[in-house]
Amino acid sequence: MRWELFVLLVLLIVWKTGYAVKPVVTFNQNWDKIFTTESLTMTCNVRSRDVIYSWYKDNTQIHTGQSFVIGNAVKGNSGNYQCKGSNTERSDSVRLEVSNDYVILQAPLYIYEGDHVTLRCHHYPGYSAGSTIFYKDNTIIRDWGPDSLFRITNINIGKSGKYKCTNKLSGGYEYSGEASISVRELFTAPEIKVKTNRVLEGDHMTLTCDTSLSPHRQTDLQFAFYRDQRTVQNFTLSDQYGVEMAQLKDSGKYYCEAKTLNSNVKKRSDELNIKINEPFTDPEIKVSANPIEGDNITLTCLTKPSPFILDTEVEFAFQRNGQNVQEFGSSNKYGILFAKLEESGSYICEVRRSANGLTKKSKEINVQIQELFSHPEIVTNTDFPREGSRIILKCNTSIRNGIELQFAFYQNEKKVQKLNSSHQYIIPLAQLEDSGNYSCEARTLYNGMKKRSAVVSVVIQGTISITVYLLIICPVTLLLLILAILGSLYMFRQRRPSVNNQDPTTGAPVRTDEREVNRVTYSALRPKSMRRLAAAQEMSDEPESIYENT
């Protein structure tokens with residue numbers, strides 16, 4: 001059904017364009033020889049609109065109409081026949097033989113490879129026949145037998161040749177007939193073709209298994225494709241094999257096969273060596289030497305384009321740590337202005353052909369931005385600065401050899417010292433208003449790169465006045481002293497140690513009362529006015545006579 005639709009489409013195109021198509025002559029009965037007195041119908045097979053058919057015998061027009069009938073054949077009907085439509089050229093010539101012999105060997109008008117062919121050892125009407133012998137090239141291929149038909153299954157071109165049959169008719173006489181059989185190709189040996197002689201990686205590649213089917217047969221063919229002896233497409237009705245985006249691995253030796261649906265006829269093409277060409281080489285990414293913080297750094301994506309493509313077809317892109325940093329464009333360079341440490345990472349580049357979207361990636365390279373100088377740290381010479389003291393703020397940082405820096409200082413985000421070569425800021429006599437949040441900034445001379453320190457809080461401690469000292473500190477100090485003296489006296493009275501003395505006149509030991517010692521000690525410690533009061537108390541406590549205890 002599919003083939004018929006295809007034929008109808010072709011015929012419609014032919015009719016629209018006026019392209020000449022050959023019609024095909026067929027016989028019914030399908031024999032190339034008949035006896036006189038027998039009948040045969042010829043048909044001109046062509047699909048077209050408003051066709052007027054013409055018939056020719058030996059190049060002479062003999063009839064009009066799609067069919068030409070021979071009702072009672074005579075030898076004069078032998079000849080070469082052709083037909084023609086009003087919009088077609090003449091058909092191929094076919095030969096009809098009309099014989100009045102006793103025996104003829106009949107064969108089909110058209111014999112194609114793969115056909116199941118029947119040969120008929122036919123005797124003249126009115127006679128009876130006996131056993132039949134069949135020969136090919138004078139060699140018996142079937143001995144005497146009752147059947148006058150010889151069948152050849154799935155005939156091939158090798159079966160072409162001269163055939164003969166012999167038959168004994170009534171009366172015992174033996175007669176023979178001959179036929180020369182030429183087996184035609186059903187379709188030509190296929191040829192594998194590629195749409196373009198130069199296939200580039202990423203291109204759509206189309207292979208075609210090209211063959212020509214005989215116009216006398218309307219049959220479907222199937223096609224298969226192979227690369228390096230391995231099947232890449234099994235048998236289908238399509239005579240094409242497509243590779244959407246050809247890769248280098250698709251290179252190889254290709255061939256195709258064509259066969260009929262029943263597989264009676266199968267043919268293979270010669271091999272075609274196909275090489276997939278690179279449109280550009282695998283890219284390589286390179287970086288300018290010794291990338292240093294603050295410098296301008298350039299990354300370059302290197303590749304070699306094929307001479308088969310335009311330079312404008314090649315596009316480049318860059319990634320860092322898997323994220324796009326430059327989309328596809330014509331430039332193969334990616335620039336980093338005033339490089340920062342955070343721009344270190346793993347970089348790759350991609351190359352893309354705009355014509356088909358083929359993309360290749362480079363290997364990763366690790367780009368490490370070297371620090372030019374560390375983030376500054378602000379420190380002070382004292383943790384508790386006092387009002388009137390000398391305060392020194394330092395902006396400390398580590399630098400690479402040969403790098404010169406300038407420093408600036410800020411108080412509460414207001415610049416208090418402009419950029420200069422000194423990394424110190426000095427406050428000679430600190431005032432309370434010098435308190436605040438301080439930071440410093442370091443900057444290079446040659447590229448203006450700058451870094452800011454964290455904030456340090458500086459609080460100036462104020463001094464204590466004489467009035468505050470006299471009103472608060474002195475009374476407190478005196479009170480503490482009195483309490484200490486009273487505590488000492490109390491402890492001394494608790495212990496009251498005994499002391500033995502000798503009388504200076506008698507030499508006898510005299511016991512001095514502990515309380516008296518305490519009183520004397522206390523008196524010695526107290527002021528003069530207090531000592532007088534104590535002496536009066538002692539006199540009232542003494543006995544009337546100092547000799548009372550003797």
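Please calculate how many Å² of accessible area the range 424-467 carries per residue, with a 1.4 Å probe and no DNA, RNA or ligand atoms counted. Before the final figure, lay out the partial values.
Numbers: 2480 Å² over 44 residues.
Value returned for the range 424-467: 56 Å² of accessible area per residue.
Using the Cα centre as the reference, give the magnitude of the dipole from point charges on the C-beta atoms of the range 191-314 (Lys, Arg: +1; Asp, Glu: -1; all else neutral), rounded to the nearest 20 debye.
Details: 15 positive and 19 negative charges, 179 e Å.
Dipole size: approximately 860 debye.
For Q326, what residues show an amide H to amide H distance below 5 Å, using hydrogens built from the backbone and excluding near sequence neighbours?
When sequence neighbours closer than 5 places are left aside, the close amide H contacts are F318.
Let me know the charge dipole size of the range 369-408 about its Cα centre in debye, to the nearest 20, where only the beta-carbon of Lys, Arg (+1) and Asp, Glu (-1) is charged.
Numbers: 4 positive and 5 negative charges, 25 e Å.
Its charge dipole is roughly 120 debye.
Short version: ³J(HN,Hα) in whole Hz for each residue of the range 31-42, in order, from phi by Karplus 6.51 cos²θ - 1.76 cosθ + 1.60 (θ = phi - 60°), x for Gly and Pro, what are they?
Couplings: 10, 8, 9, 9, 7, 4, 6, 8, 10, 7, 10, 9 Hz.
Give the Kirkwood hydrodynamic radius (Å, one decimal) of the range 195-245, defined as one over the mean of 1/r across all pairs of different Cα atoms. Could the numbers behind the result be given before it?
Details: mean 1/r = 0.0791 Å⁻¹.
Computed over Cα pairs of the range 195-245, the Kirkwood hydrodynamic radius comes out at 12.6 Å.
Testing the spin-label approximation: label points 7 Å from Cα along Cα→Cβ at Q247 and I62. State their distance in nm.
It is 6.6 nm.
For the range 351-421, give the magnitude of the charge dipole about the Cα centre (Cβ charges: +1 Lys/Arg, -1 Asp/Glu; no others), in debye to the nearest 20.
Details: 12 positive and 7 negative charges, 124 e Å.
Roughly 600 debye for the range 351-421.
By how many nm would the segment from S160 to I52 grow when fully extended, if each residue of separation counts as 0.36 nm and the alpha-carbon distance is taken off?
On the way: separation 108, 0.36 × 108 = 38.88 nm, distance 3.66 nm.
Taking 0.36 nm per residue and subtracting the Cα distance, the gain is 35.2 nm.
Say R0 is 41 Å: what FRET efficiency, to the nearest 0.05, do S182 and S128 get from their beta-carbon distance? Present the calculation step by step, with values, prior to reporting the outcome.
On the way: r = 32 Å, r/R0 = 0.79.
My answer for the efficiency is 0.80.
Translational diffusion coefficient, Stokes-Einstein: compute it for the range 111-166 using the Kirkwood radius over C-alpha pairs as Rh, at 10 °C and 1.306 mPa s, and state it as an integer in µm² s⁻¹. Walk me through the numbers before you get to the answer.
On the way: Rh = 12.2 Å.
It diffuses with D of about 131 µm²/s by this estimate.
For the range 206-215, what does the Karplus curve 6.51 cos²θ - 1.76 cosθ + 1.60, with θ = phi - 60°, yield as ³J(HN,Hα) per residue in whole Hz, taken in order and with x for Gly and Pro?
Computed from phi, the couplings for the range 206-215 are 10, 10, 10, 9, 8, 8, 10, 8, 4, x Hz.
Using r as the Cβ-Cβ distance of I403 and S306, and R0 as 41 Å, what FRET efficiency do you calculate, to the nearest 0.05? Walk me through the intermediate numbers first.
Working: r = 47 Å, r/R0 = 1.14.
That gives a FRET efficiency of 0.30.
Tell me which of M42, Q29, N80 sits at the most positive position along the dipole axis of the range 23-141, charges placed on C-beta atoms (Lys, Arg +1; Asp, Glu -1).
Farthest along the dipole direction, towards plus: M42.
Taking amide hydrogens as modeled 1.01 Å from N in the peptide plane, which residues meet the under 5 Å criterion relative to L302, leaving out close sequence neighbours?
It is E284, I285, K286, by chain and number.
Which value, in Å to one decimal place, does the Kirkwood hydrodynamic radius take for the range 218-293 when every pair of different Cα atoms is included? Don't skip to the answer; put the middle values down first.
On the way: mean 1/r = 0.0643 Å⁻¹.
Every distinct Cα pair counted, the radius reaches 15.6 Å.
Give me the Kirkwood hydrodynamic radius of the range 36-118, using the inverse of the mean 1/r over all pairs of distinct Cα atoms, in Å to one decimal. Walk me through the intermediate numbers first.
Numbers: mean 1/r = 0.0703 Å⁻¹.
In the range 36-118 this quantity evaluates to 14.2 Å.
At 1.4 Å probe size, with no ligands or nucleic acids counted, give the accessible surface of D383 in Å², nearest ten.
130
Quick one: what are the phi-derived ³J(HN,Hα) couplings along the range 57-69, Karplus 6.51/-1.76/1.60 with θ = phi - 60°, whole Hz, x for glycine and proline?
Those phi angles translate into 10, 6, 6, 10, 5, 10, 6, 10, x, 6, 10, 10, 10 Hz.
Using every Cα-Cα pair within the range 161-316, state what percent have a distance larger than 20 Å. Could the numbers behind the result be given before it?
Values: 8109 of 12090 pairs.
It works out to 67 percent of all Cα pairs.
On average, how much accessible surface per residue is there in the range 282-393, in Å², for a 1.4 Å probe, leaving out ligands, DNA and RNA?
Numbers: 6220 Å² over 112 residues.
Result: 55 Å² of accessible area for each residue.
Using Cα positions and a limit of under 18 Å, work out the aspartates and glutamates in reach of K168, with same-chain residues fewer than 8 apart set aside.
Partners within reach: D101, D143, D147, E178.
Spin-label point model (7 Å from Cα, Cβ direction): what's the A289 to N396 distance in nm?
3.6
Once fully extended, how much extra length lies between D92 and N420, figured as 0.36 nm per residue of separation less the alpha-carbon to alpha-carbon distance?
Result for the pair: 107.5 nm of gain on full extension.
For the range 96-193, taking Cα atoms only, what is the radius of gyration to one decimal and the Dmax to the nearest whole Å?
That works out to 15.4, 64 Å for Rg and Dmax.
Give the value in nm², to one decimal: projected area of the alpha carbon convex hull of the range 378-449, averaged over all directions. Write down the numbers at each step before the final one.
Details: hull surface 20.4 nm².
Computed as one quarter of the Cα hull surface, the answer is 5.1 nm².
Ignoring ligands, DNA and RNA, please state the percent of accessible area on the range 319-365 from carbon and sulfur, probe 1.4 Å.
On the way: 1250 of 2700 Å².
The computed percentage sits at 46.
Spin-label point model (7 Å from Cα, Cβ direction): what's the Q29 to D210 distance in nm?
Output for this residue pair reads 4.4 nm.
Cα to Cα, under 17 Å, and not fewer than 8 places away if on the same chain: which lysines meet these conditions relative to K275?
List returned: K193, K195, K249, K253.
Just the C-alpha atoms of the range 252-373: what Rg/Rh do they give, with Rh taken as the Kirkwood radius? Each step should come with its number before you reach the end.
Numbers: Rg = 22.6 Å, Rh = 17.4 Å.
We get a ratio of 1.30 for the range 252-373.
Working out 0.36 nm times the residue gap between T219 and E174, then minus their Cα-Cα distance, what length gain in nm do you get to one decimal?
Value of the extension gain: 12.0 nm.
Put +1 on the Cβ of every Lys and Arg and -1 on every Asp and Glu Cβ in the range 241-312; which of N264, G294, M245 then has its Cα farthest towards the positive end of the dipole?
N264
The values are calculated or read from the model by the stated rules, or taken from the named source; none is laboratory data. The structure presented is a predicted model; accordingly, all values stated were derived computationally and were not measured. Please note: Cβ atoms are built from the backbone with ideal geometry, for glycine as well, and neighbour counts cover all protein chains shown. SASA here: full protein model, heavy atoms, side chains in, ligands and nucleic acids out. Shrake-Rupley method; radii C 1.70, N 1.55, O 1.52, S 1.80 Å.
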